1. Can you find a residue that is of a type in the set (A, V, I, L, M), out of contact with any Lys or Arg (no Cβ under 9 Å at 6 or more places or on another chain), closer than 25 Å to Leu138 by Cβ and in a strand (DSSP E or B) anywhere in the range 42-51?
2. Is it the case that Thr43 is of a type in the set (Ser, Thr, Tyr), open to solvent by 60 Å² or more (accessible area, probe 1.4 Å) and at pLDDT 95 or above?
3. State all residues of the range 65-119 that are in a helix (DSSP H, G or I) and among the acidic types (Asp, Glu); if no residue qualifies, say none.
4. Scan the range 69-94 residue by residue and report those that are touching a residue at least 60 places away in the same chain (Cβ under 8 Å), β-branched (Val, Ile, Thr) and within 14 Å of the ligand (Cβ to nearest atom).
5. Scan the range 24-40 for residues that are buried (at least 19 other Cβ atoms within 10 Å of the Cβ) and assigned to a strand (DSSP E or B) and jot them down.
6. Kindly evaluate Gly81 against the criterion of being within 24 Å of Val34 (Cα to Cα), of a type outside the set (D, E, K, R) and modelled with pLDDT of 95 or more.
7. Please determine whether any residue of the range 90-105 is open to solvent by 70 Å² or more (accessible area, probe 1.4 Å), of a type in the set (Gly, Ala, Ser) and modelled with pLDDT of 95 or more.
Amino acid sequence: MAIERTLSIIKPDATKRNLTGKIVAKFEDAGLRVVASKRIHLTAAQAGEFYAEHQARGFYGELVAYMASEPVVVQVLEGEGAIAKNREVMGATDPAEAAPGTIRKEFALSKGENSAHGSDSEAAAAREIAFFFSGLELVG
Ligand code: CMP
């Protein structure tokens, strides 16, 4: 399998509850490596642009307000099949449907406040990494 990079966000519900280390440990234990990392507080405009593809969905306003409500930790994770592996470690979007041992099963509060985001395709990973990081900030 190819070495890939994917964009991960530790979301406001998790940073607020001091879960950053526990979440990063799950990714590292699965063989993913953090090659870029920063803690930032998104503006509503930035959160809205990042999630622009969901603009027509009923939960968009709530999603944008939530993502701008507290700091987030944005990271680039690298490893074999990193895009799928990251999503496997996160678990299903809805914690009620997430598998045991996944981040969302253990930590998420709801479908909206679901502790982590991960890119869902190669194209999304490229766009999302470039949204937050310059090439100089990716240190493998
Ligand atoms: P994420 O993987 O970051 O991608 C889009 C986000 O929208 C998703 O995680 C959830 O946090 C959020 N989301 C998806 N469905 C719903 C929903 N029904 N209600 C509220 N938020 C949702």
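The values are calculated or read from the model by the stated rules, or taken from the named source; none is laboratory data. Just so it is clear, the model here is predicted, and its values are computed rather than measured. So basically every Cβ, Gly included, is an ideal-geometry build from the backbone, and we count neighbours across all protein chains shown. The protein model used for the area step is the full one, side chains on, heavy atoms only, and it has no ligands, DNA or RNA in it. Shrake-Rupley method; radii C 1.70, N 1.55, O 1.52, S 1.80 Å.
1. There is no residue in the range 42-51 that is of a type in the set (A, V, I, L, M), out of contact with any Lys or Arg (no Cβ under 9 Å at 6 or more places or on another chain), closer than 25 Å to Leu138 by Cβ and in a strand (DSSP E or B).
2. Yes: the conditions hold for Thr43.
3. Within the range 65-119, Glu88, Glu97, Glu106 meet the criteria.
4. Answer for the range 69-94, where residues must be touching a residue at least 60 places away in the same chain (Cβ under 8 Å), β-branched (Val, Ile, Thr) and within 14 Å of the ligand (Cβ to nearest atom): Val72, Val73, Val74, Ile83, Val89.
5. Answer for the range 24-40, where residues must be buried (at least 19 other Cβ atoms within 10 Å of the Cβ) and assigned to a strand (DSSP E or B): just Ala36.
6. Taking the combined requirement at face value, the residue satisfies it.
7. yes
Per-residue answers, yes or no, for (1) part of a helix (DSSP H, G or I); (2) open to solvent by less than 50 Å² (accessible area, probe 1.4 Å); (3) at pLDDT 95 or above; (4) touching a His at 6+ places or on another chain (Cβ under 9 Å):
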position	(1), (2), (3), (4)
Asp13	yes, yes, yes, no
Lys22	yes, no, yes, no
Glu53	yes, no, yes, no
Ala56	no, no, yes, no
Leu63	yes, yes, yes, yes
